[in-house]
């Protein structure tokens, strides 16, 4: 039987959670986390407006590991590398996490789980969410060609609008003439 701990739209998610307690009682955490609370993530975005929908289900697996499966969903604004304007990017991340006490235990976790090291038996939920979102961001983002600002594209494509270079005489050509004499 699963007990549901849900944070409603007006309520906040817990700051910390104990994965052992959550897994032993097969609890779930669901709610919404504002993007502006994730400072490192916002530094990589064009805007801090928005939210992340968080859903995690905890359990103890057959090997007595504390695990959580779930999902993170958000739409973020990232910088288009073509026109430098904001571009909407949908993040939909499936999670399969195993909670461990230290790095040595993390090395022993099967590949289907991402290890999360607990600090004093607790995990900071916002930090966990932020790290997963940062890992899911694209390295380079672009609008579709038609979505970019045409004025910004004029400056972005320097090869099309560049003036032909004026050929200047080499100042050392006089030395070449003297050497030839």
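Peptides 114-120, 23-29 ranked from most to least packed give 23-29, 114-120, packing being the mean of other C-beta atoms within 10 angstrom over each peptide's residues. Between residue 96 and residue 177, the distance separating the two model label sites (each 7 Å from Cα on the Cα→Cβ line) works out to 7.7 nm. Sorted fewest first by neighbouring Cβ atoms within 10 angstrom, 111, 132, 122 come out as 111, 122, 132.
Ellipsoid fit via the Cα gyration tensor, segment 30-85: semi-axes of 32, 12, 9 Å, each the root of five times an eigenvalue, largest first.
So, by mean Cβ neighbours within 10 angstrom, what's the order for 94-101, 133-140 with the highest one leading?
94-101, 133-140
For segment 55-154, the spread of Cα coordinates along the three principal axes comes to 59, 23, 22 Å, biggest extent given first. Taking 0.36 nm per residue of separation and subtracting the Cα-Cα distance, full extension of the segment from residue 48 to residue 15 would add 9.9 nm.
Here the relative contact order of segment 3-158, from alpha carbon pairs under 8 Å that lie six or more residues apart, stands at 21 percent.
None of the figures in this text is laboratory data; all of them are computed from the coordinates on show. From a predicted model like this one, the values you see are computed outputs, not experimental measurements. Don't worry about glycine lacking a Cβ; one is built from the backbone with ideal geometry, like all the others, and counts go over all protein chains shown.
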